[in-house]
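Here the structure is laid out as structure tokens; the discussion comes afterwards.
None of the figures in this text is laboratory data; all of them are computed from the coordinates on show. All values reported here derive from a predicted model rather than from experimental measurement. Cβ coordinates were reconstructed from backbone atoms using ideal geometry, including for glycine residues, and neighbour counts include every protein chain displayed.
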């Protein structure tokens, strides 16, 4: 079993706490040394108690799914001899009530746009098959209850 970790740091500082008027800004630290400003989403906790400049958990969830899908796609494309020049995704997540009536990320839509070197282009069928296999292999997509869909943008 492989373990992954992140350190989450929050301090109250001079803010009031018991009246629920405290900053939700915090830091994420990762094992490679990267530190990321984070916060609750301003859609969940209004400003000024959220920091719109920080990454919120919902954004990180969407980015995690998109990143995992991309990494698998790149590996699979290389294995099949398709040279990828560029990969961009405008991923989006939707928050709504789930079947249990709780707020949840109920859907994530990946919309990758992939450009290949002109030497060998995958057919539309091959491109969809690469994305489907990447989705099936993605550790993060295999770990969530949310529906994760992929609708590639064909170049």
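Which whole-number value in Å³ per residue fits the convex hull of the alpha carbons of the range 59-133?
Numbers: hull volume 6.9 nm³, N = 75.
So the per-residue hull volume is 92 Å³.
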Length gain on complete extension for the stretch residue 35 to residue 149, per 0.36 nm per residue less the alpha carbon to alpha carbon distance?
-> 38.1 nm
Helix 124-137 axis, angle to the chain major axis (alpha carbon atoms, nearest 10°) | 40 degrees
Beta bridges per DSSP with both ends in the chain, % antiparallel, nearest 5 | 75 percent
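At a Förster radius of 22 Å, what calculated FRET efficiency corresponds to the Cβ-Cβ distance of residue 128 and residue 60, to the nearest 0.05?
0.20
With a Förster radius of 30 Å, plug the Cβ-Cβ distance of residue 14 and residue 95 into 1/(1 + (r/R0)^6) and report the FRET value to the nearest 0.05. Kindly include the intermediate steps, with their values, before the conclusion.
Values: r = 31 Å, r/R0 = 1.04.
According to the calculation, E is roughly 0.45.
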Equivalent ellipsoid semi-axes - Cα gyration tensor, the chain, angstrom | 36, 17, 14
Kirkwood-type radius of the range 1-55, with distances r between different C-alpha atoms, in Å | 12.3 Å
Quick note on 2, 124, 106, ordering by fewest other C-beta atoms within 10 Å, gives 2, 124, 106
Which residue, 51, 19, 89, has the most motion in a Gaussian network model of the chain that connects Cα atoms within less than 10 Å?
-> 19
If the chain between residue 142 and residue 43 were fully extended at 0.36 nm per residue, the gain over the current Cα-Cα distance would be 32.9 nm
To the nearest 10 degrees, the tilt of helix 57-79 (Cα long axis) against the first principal axis of the alpha carbons of the chain is 20 degrees
Run the quick spin-label model on residue 111 and residue 78: label points 7 Å from Cα toward the beta carbon, then report their separation in nm to one decimal.
-> 2.8 nm
GNM on the chain, C-alpha springs below 10 Å: top fluctuator among 141, 117, 88?
-> 117
